[in-house]
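Okay, so here's the structure we're looking at.
Throughout, read-outs are computed from the coordinates displayed, never taken from laboratory work. Because the structure is predicted, anything quoted here is derived from the model rather than measured. Backbone-built Cβ (ideal geometry, glycine too); neighbour counts: all protein chains shown.
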Amino acid sequence: MYRFYSIFLLLFWASFHSPVLACEDEHPPVVIEPIVKRTLVNCDGQSVMEMKFDPRGMSELHTVDAPSESWMRGGDDDSRAWDYREWQWWKGHPWGDSCRPRYWTPVDFSSNARRLSIHFEIDGFDCMQKFLLPEVVDETTPHWDLVTSIRNISGDNVEEYGQFFACYTNFNSPNSCWFWEAKNRLTRFADYGVDHLNGYVVHPDAYYASSGAIPHCPRGGGKIVAKWHRPMLLSHASPAGWRSIIMIESKYAAGLAQGIQGAAMDYIVFPGPSEKVFEDQAEFAVHIRHQLLKSPGLPATAVLERLWNEFELSHEAVRKLACEN
């Protein structure tokens, strides 16, 4: 009887201390140091934008014509970064809505003049984000690149894998943000009734595209509201007239999302539209481009198509750069 009672107490204690069941107040503290500053310059060596990175991702961005305007969402919480890791999931994963890997993984953060890397391993997956900064940018359409690679080191084949990243963007809330939908038009998430992660825009050929939901998505039941024409997100204009454009390599762009009435511009990556099984030791690497565009009015899709074509043509070169030591 005593032994049974001891086991019961141990299980009861574990239920309140397990990271799976922990409430948000018990999340581990988010690491925001060290902070690394970088500047993007034009062909004359003049500054175009100032950036800061930390173990969350890019945590500050200012254009030189509006140095007091912060692109990053403010507030007292830690959600002030772009390409911030949030959730990963797969069939049968035990973590529910616990925000893994955001809170629950240590990060190795390193940098040199033109590259910053965030490396983390959690729950059987080895992940690397490499931010690649060009030496010179166009002062009207500056950009930088990111290559995110994910390897399954779990020892098992897993089904229906996805990983969700957030870009907290100050100038959108509460007015939503745009995506480029399959009808070849720019549409706000709010036009589909999406407020906070209660509707998703997915890869048109994804194995779940006709099912009505992204499997295992931890918010909103993964409800699908549309399919993308290009996996691209577009922000509202800043007071200085700049817009943020996020482009995700088509093959790996599982879905697009909006959180906090547009203050979070989010994307989901996966091994591919027909890759329902993510095999042990398999790896995929996704090219993401962030671009600013001086466009106080909503840009024409022809302008976005040109930027998209340039992005697609750069995949090979950016991958090669990401592989260099």
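Full extension from Ser154 to Asp65: what is 0.36 nm times the residue separation minus their Cα-Cα distance, to one decimal in nm? Before the final figure, lay out each step's value.
On the way: separation 89, 0.36 × 89 = 32.04 nm, distance 4.74 nm.
Once the chain is fully extended between Ser154 and Asp65, it gains 27.3 nm.
What is the extension gain from Asn42 to Ala213, computed as 0.36 nm multiplied by their sequence separation minus the C-alpha to C-alpha distance, in nm to one decimal?
This chain segment gains 57.2 nm when fully extended.
Using alpha-carbon pairs under 8 Å, 6+ residues apart, how would you state the relative contact order of the chain in percent? All intermediate terms of the calculation are to be shown ahead of the outcome.
Working: 726 pairs, mean separation 53.2, N = 325.
Computed over the chain, the figure is 16 percent.
Read through the labelled values (i) 1.01; (ii) 1.37; (iii) 1.24 and report the label of the one computed as Cα Rg over 2.2 N^0.38 Å from the structure.
Computing Cα Rg over 2.2 N^0.38 Å and matching it to (i) 1.01; (ii) 1.37; (iii) 1.24 gives (i).
Quick one: angle between helix 301-313 and the longest Cα principal axis of the chain, in degrees between 0 and 90, rounded to 10, please.
70 degrees
Would you mind working out the magnitude of the charge dipole of the chain relative to its Cα centre, with +1 at each Lys and Arg C-beta and -1 at each Asp and Glu C-beta, to the nearest 20 Debye? Could the numbers behind the result be given before it?
Numbers: 30 positive and 42 negative charges, 101 e Å.
Dipole about the Cα centre, nearest 20: 480 debye.
As I understand it, the value is the acute angle between the Cα axis of helix 2-17 and the longest principal axis of the Cα atoms of the chain; what does it come to in degrees, rounded to 10?
10 degrees
What is the sum of charges, Lys and Arg at +1 and Asp and Glu at -1, for the other residues whose Cβ falls under 10 Å from the Cβ of His203?
Details: positive: Lys227, Lys251; negative: Asp205.
Spelling it out: positives minus negatives among the neighbours equals +1.
Does the stretch 223-305 come out rounded, prolate or oblate by the C-alpha gyration tensor, with a ≥ b ≥ c the root eigenvalues, rounded set by a/c under 1.5 and, if not, prolate when a/b is larger than b/c and oblate if not?
It is prolate, given that a/c is not under 1.5 and a/b is the larger ratio.
From the residues Ile268, Thr140, Tyr200, which one has its Cα farthest along the dipole of the chain in the positive direction, the dipole being from +1 and -1 charges on Cβ of Lys/Arg and Asp/Glu about the Cα centre?
Projecting each Cα onto the dipole axis, the largest value belongs to Tyr200.
List nothing, just return the count: lysine pairs in the chain, 8 or more apart or interchain, with Cα separation under 14 Å.
Counting lysine pairs in the chain gives 6.
Which residues' amide hydrogens lie under 5 Å from the amide hydrogen of Arg100, considering only partners 5 or more residues apart or on another chain, with H built in the peptide plane?
Close amide H contacts, sequence-distant or interchain: Gln88.
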